[in-house]
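Let me begin by presenting the structure, written as structure tokens, before commenting on it.
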Amino acid sequence: MYESCIMRWEQNCLVAELSGEVDHHMAAAMRSVLDEEILDRGKGNGPVHLIFDFHHVTFMDSSGIGVVLGRYQKIRETGGRVCITGCDDYVKQILHMAGVFMIASYCGSLEEAITKCLGKAEEPWTKMQ
């Protein structure tokens, strides 16, 4: 466990509670611990999903965006989904400008993110039909 990234499993969803500054100083360590968890759980256990909880993040730079995008690639290899929750306006704007919400869903709560990752939520485009 890394002090700025507390992880726990909710069914097949890895919830990564990030805190402090998600920048180049912590990015390498965060990538390492997340990748280890994803790899260990993903061995023959079906899809692994990842939820980034940004409730306690005070700053984020391009290294933090790289952590999200890189983990998205790994999660997609398992057939999983990535969701994001808990962003303040600053972090949400950074992620939006980087195009992260085109590949990862933003959810209003952790419960909503778990439901969406597990495929129990209705996709927005199905509501329109």
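Does Gln93 satisfy the condition of being closer than 20 Å to Lys120 by Cβ, more than 12 Å from the chain's Cα centre (by Cα) and loosely packed, with under 13 Cβ neighbours inside 10 Å?
In short, no.
With closer than 22 Å to Ser19 by Cβ, surrounded by fewer than 18 Cβ atoms within 10 Å (Cβ to Cβ) and under 11 Å from the mean Cα position of the chain (by Cα) as the only criterion, which of Gly66, Gly70 stands out?
Gly70
Of all the strands (runs of 3 or more DSSP E) wholly in the stretch 17-129, which have at least 1 residues that are at pLDDT 95 or above and among the acidic types (Asp, Glu)?
In the stretch 17-129, the matching strands (runs of 3 or more DSSP E) lie at 49-60.
The values are calculated or read from the model by the stated rules, or taken from the named source; none is laboratory data. Owing to the predicted nature of the structure, the values given are computational and were not obtained by experimental measurement. Glycine also receives a Cβ, built like all others from the backbone with ideal geometry; neighbour counts cover every protein chain displayed.
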